[in-house]
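**Q** Handing you a structure now.
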Amino acid sequence: MSLSNPIFLFLFFLFNLQPSISQQQQKITSFNISNSPWLPSQNKTLISPNTNFTAGFFPIPNSQNLFTFSIWFSKIPQTSNPVIWSFSKKLNFSSSLVITSKGEILLNNVTLFGNSNSTKLVLHDSGNLVFGNWTSFANPKNTILPYQNISGVEIVSNNEKFKFITSQFLVLNDGSNANSTSQYYKTPNPLLFMDDAGKMSMVGNSFLTSDFGDSRFRKFVLDDDGNLRIYSFYPEQNNTWVVVWLAIWEMCKIKGNCGPNAICMPREDLYNSTFCVCPSGFMPNQGGAEKGCERKIPLSNETHFVRLDYVNYTTNGSMNQITAGNYTVCESSCRFDSNCLGFGFKYDGLGYCVLLRGKQLQYGYWSPGTETALFLKVDQKESEATNFIGMTEVMQTTCPVRISLPLPPKDSNTTTRNIVIICTLFAAELIAGVAFFWSFLKRYIKYRDMATTLGLELLPAGGPKRFTYSEIKVATNDFANLIGRGGFGDVYKGVLPDHRVVAVKCLKNVTGGDAEFWAEVTIIARMHHLNLVRLWGFCAEKGQRILVYEYIPGGSLDKYLFRAKSRKNSAESESDQSHSSPKPNSQEKPVLDWNMRYRIALGVARSIAYLHEECLEWVLHCDIKPENILLGDDCCPKISDFGLAKLRKKEDMMTISRRRGTPGYMAPEWITADPITSKADVYSFGMVLLELVSGVRNFEIQGSLVRSDEWYFPGWAFDKMFKEMRVEDILDSQICHAYDSKVHFQLVNRMVKTAMWCLQDRPESRPTMGKVAKMLEGTVEIMDPKKPTVFFLGEE
């Protein structure tokens, strides 16, 4: 037959087209006996109805012709680890998946599971692979998906070294149970499930991921390093999985990182990787420190102890806690016990002593949070110094040295000569010192005048920019645009030469000289936090004290919460940096929804906790109120006027009643004789938090049967929330219609409970701001609060 025949050419093209057609991927919605067998070469996948998940033969990365039968995210690239569940480790092209007439599923002729009532294998929208009564959700590997039940299931890391059991315990997979020494982590309550918004529900509680609320692919994974993590997929960040929650911050607290007697240490990144070292008196055995350490000199009857600060150990024997009157008693208890390898002692005056008994030390790690000092028993001949010292040892940099000089000969006649030489040297040094000081003084005066001309005197290195008064006048158009008045001074809007918009605060009644003012301003400028207003510069010239802040366009929180009153008194605003126009016809502020109010409350709590607990110099704000909370882009809250209390004159700070701050937000101890601590700011924050929920001023009397002079806003809110169970009565009328008890109750309940704890009348009953932030985050359990009262009002 001629090749030019058209019929021959058509048949030739058709026959050669068949292999390419068979190679196209075939997507099926179910797999049954009529589809058997399922081969990797068929390029067939089982897809969920919403197309988010796929099941089938997944190629193993970096391996040719090898597969696993897996479930994976359809819309995530294979290079970004999309697999969430697998049947086995390795399969080849000859492998097959078959449904038999008996209702069994065979993989390579090995029965995986069977159910005589089953006819097909399907993949649901949730990512759950189902065959009759068998589901992949009930048989997880190392990954849990949103809405997958965690209670009652067990997940194992891919390397099978770690387990998460009974929905609460992380254990080293050595065949032990959660009550043995293999346990290294416990959740506060058993976990139930995670939703697709990033909320993990527990028995009686819940916690949120760092990106709560975003609609993303998420997974809860027990990684091969033994840590539990929640990942969110970010396609906009190069298709990466981002950790949004993890169980253990210190990786060395995970057991199994190092061998017997070795100590786990964090690397420079602190929490992502570790390495192992041997303590004093030990050396790495075969395989290095990861395989363990052995003693350089075996123990004999004569021993002594080496101190290891910040080190924790357990043993393969027992750990006996005893009560020792002092360190000597604890040491003696271990010294005369042949099975004791060391002891831990806590210098708290309570006699805490624990003896490490056994054949070898296990699961050693270094942590700065360790409260006990560990003393390791070594042989008397061992002279190696400790390689784990704390700050106490580092600060001991001096040692006594005895210096003695020989006596002069009895018949020496050199005394007069020595006196003359000494007096001459002293006079020469004195003259040289006076000359040097005079030269220095002349140069100092010269350079001081030059620095004054250039505006550079006494400016700390790395400090805020110093502006001249003329620069401030030009930037503010001669102080033409007044945007706020407050207790610390007036605020004007300005534009710097580099086109940055700024808020210029002209302080009044400021104490101290230039040096003291610059020192305090430098401290304020070095406080960097997302929720604090940034200080960019200052001016100290011609008797003026001026601060230059970043401009926050959103205005203060009170304009958003107290809308009716804000419209009425907009021209009389007392905000220290209100960026909204004071004209009555200013643009209406948007209504804050519940999620936005929660984010504002959490941001403010974190910034106050930063001022109280994280700054190198402790800062008390003294005037937390909605007017001092500014809203930036995306309603990000920023606190203003922090650190300014030290700049006020003493007569302005103290009155007969020694009250400071704004009425309605002051803690009771401002009026009583109690000392003022950081708990005063906690009280003010609690009042602001309650106003965020209610949308009204705390001194505006709501519907109540008590007399107006006995009415107390927190007490009224407590009765409505916890006695009458009428939560809708305290909600902001602007968004009360948007309140959904199923969606918003936990959020509102957490905010109100936290506020009640902050508003306790006694300072010691209030939590710290660090704990307040955790209460709002949901990472600590919030106990039922007592009804808040003021010292001059009794409880009902």
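**Q** Would you kindly identify the strands (runs of 3 or more DSSP E) lying entirely within segment 28-103 that contain at least 1 residues that are hydroxyl-bearing (S, T, Y)?
**A** Of the strands (runs of 3 or more DSSP E) lying wholly inside segment 28-103, those with at least 1 residues that are hydroxyl-bearing (S, T, Y) span 30-32, 44-47, 53-59, 67-73, 83-86.
**Q** Follow-up question, since we're still on this one. If you check I248, I230, I254, which single one turns out to be farther than 23 Å from L747 by Cα and crowded, with 21+ Cβ neighbours inside 10 Å?
**A** Within the list I248, I230, I254, the selection yields I254.
**Q** Any residue at all in segment 742-759 that is surrounded by fewer than 19 Cβ atoms within 10 Å (Cβ to Cβ), in contact with a Lys or Arg (Cβ under 9 Å, 6 or more places away or on another chain), assigned to a loop (DSSP other than H, G, I, E, B) and modelled with pLDDT of 90 or more?
**A** Among the residues of segment 742-759, not one is surrounded by fewer than 19 Cβ atoms within 10 Å (Cβ to Cβ), in contact with a Lys or Arg (Cβ under 9 Å, 6 or more places away or on another chain), assigned to a loop (DSSP other than H, G, I, E, B) and modelled with pLDDT of 90 or more, which makes the answer no.
**Q** Would you please name the residue that is modelled with the highest pLDDT, looking only at residues in segment 174-188 that are assigned to a loop (DSSP other than H, G, I, E, B) and surrounded by 17 or more Cβ atoms within 10 Å (Cβ to Cβ)?
**A** Per the criteria, the residue is T187.
**Q** Go through segment 206-253 residue by residue and tally those that are among the aromatic types (F, W, Y), out of contact with any Asp or Glu (no Cβ under 8 Å at 6 or more places or on another chain) and farther than 22 Å from F73 by Cβ.
**A** Count: 1.
**Q** If I filter segment 760-779 down to residues being touching a residue at least 60 places away in the same chain (Cβ under 8 Å) and surrounded by fewer than 18 Cβ atoms within 10 Å (Cβ to Cβ), which single residue comes out as farthest from N595 (Cα to Cα)?
**A** So the residue we want is E764.
**Q** For segment 518-565, which positions are assigned to a strand (DSSP E or B), farther than 29 Å from R697 by Cβ and either free of Cβ contacts under 8 Å to residues at least 12 places away in the same chain or not charged (D, E, K, R) (or both)?
**A** Those that are assigned to a strand (DSSP E or B), farther than 29 Å from R697 by Cβ and either free of Cβ contacts under 8 Å to residues at least 12 places away in the same chain or not charged (D, E, K, R) (or both): L535, W536, G537, F538, C539, A540, Q544, I546, V548.
**Q** Is it the case that segment 325-334 has a residue that's in the same structural domain as F282 (by TED's automatic domain parsing), more than 23 Å from C252 (Cβ to Cβ) and in a loop (DSSP other than H, G, I, E, B)?
**A** yes
**Q** For A475, indicate whether it is surrounded by 10 or more Cβ atoms within 10 Å (Cβ to Cβ), more than 28 Å from G554 (Cβ to Cβ) and modelled with pLDDT of 90 or more.
**A** no
**Q** Against the definition (closer than 18 Å to P40 by Cα and in a loop (DSSP other than H, G, I, E, B)), how does S118 come out, yes or no?
**A** no
**Q** Tally up the residues in segment 440-472 that are part of a helix (DSSP H, G or I) and either at pLDDT below 85 or surrounded by fewer than 13 Cβ atoms within 10 Å (Cβ to Cβ) (or both), please.
**A** The total comes to 16.
**Q** What number goes with the only condition from (1) of a type in the set (A, V, I, L, M); (2) surrounded by fewer than 16 Cβ atoms within 10 Å (Cβ to Cβ); (3) not in a loop (DSSP other than H, G, I, E, B) that L350 does not pass?
**A** (3)
**Q** Any residue that is without any contact (Cβ under 8 Å) to a residue 24 or more places away in the chain and either more than 19 Å from W38 (Cα to Cα) or among the hydrophobic types (A, V, I, L, M, F, W, C) (or both) - is there at least one of those in segment 83-105?
**A** Within segment 83-105, none of the residues are without any contact (Cβ under 8 Å) to a residue 24 or more places away in the chain and either more than 19 Å from W38 (Cα to Cα) or among the hydrophobic types (A, V, I, L, M, F, W, C) (or both).
**Q** Only one of these conditions is not met by D195: (1) touching a Leu at 6+ places or on another chain (Cβ under 9 Å); (2) within 29 Å of N595 (Cα to Cα). Which number is it?
**A** Looking at each condition in turn, D195 falls short on (1).
**Q** Continuing with this model, one more query. Looking only at segment 95-142, count every residue that is at pLDDT below 85 and not aromatic (F, W, Y) and tell me the total.
**A** 14
**Q** Within segment 623-640, work out how many residues are modelled with pLDDT of 85 or more and over 20 Å from the mean Cα position of the chain (by Cα).
**A** Residues that pass the stated criteria total 12.
**Q** Among the residues of segment 206-216, which ones are crowded, with 17+ Cβ neighbours inside 10 Å and over 18 Å from W241 (Cβ atoms)?
**A** Within segment 206-216, S206, F207, L208 qualify.
**Q** Still on this structure, I have one more. What are the pairs with Cβ atoms under 9 angstrom where one residue, in segment 310-333, is touching a residue at least 12 places away in the same chain (Cβ under 8 Å) and the other, located anywhere, is among the aromatic types (F, W, Y) and not in a strand (DSSP E or B)? Sequence gap at least six, or different chains.
**A** Y310/F388; V311/F388; Y327/Y347
**Q** Scan segment 273-305 residue by residue and report those that are in contact (Cβ under 8 Å) with a residue 40 or more places away in the chain and surrounded by fewer than 20 Cβ atoms within 10 Å (Cβ to Cβ).
**A** V277, S280, R295, K296, I297, P298, L299, S300, E302, T303, H304, F305
**Q** Also, I was wondering about something else. Return yes or no: is P40 modelled with pLDDT of 85 or more and surrounded by fewer than 12 Cβ atoms within 10 Å (Cβ to Cβ)?
**A** It is false that P40 is modelled with pLDDT of 85 or more and surrounded by fewer than 12 Cβ atoms within 10 Å (Cβ to Cβ).
**Q** Among all residue pairs at least 6 apart or on different chains, which show Cβ distances below 6 Å where the first residue, located in segment 138-152, is within 18 Å of K199 (Cβ to Cβ) and the second is exposed (fewer than 14 other Cβ atoms within 10 Å of the Cβ) and acidic (D, E)?
**A** Listed pairs, sorted by first residue: P146/D195.
**Q** With respect to the numbered conditions (1) assigned to a strand (DSSP E or B); (2) touching a Gly at 6+ places or on another chain (Cβ under 9 Å), which one is the sole condition not fulfilled by V171?
**A** Single failed check for V171: (2).
**Q** Does segment 408-427 include one or more residues that are exposed (fewer than 14 other Cβ atoms within 10 Å of the Cβ), aromatic (F, W, Y) and modelled with pLDDT under 75?
**A** Among the residues of segment 408-427, not one is exposed (fewer than 14 other Cβ atoms within 10 Å of the Cβ), aromatic (F, W, Y) and modelled with pLDDT under 75, which makes the answer no.
The values are calculated or read from the model by the stated rules, or taken from the named source; none is laboratory data. Not measured: the values here are computed from a predicted model. In this analysis, Cβ positions are derived from the backbone assuming ideal geometry, glycine residues included, and neighbour counts consider all displayed protein chains.
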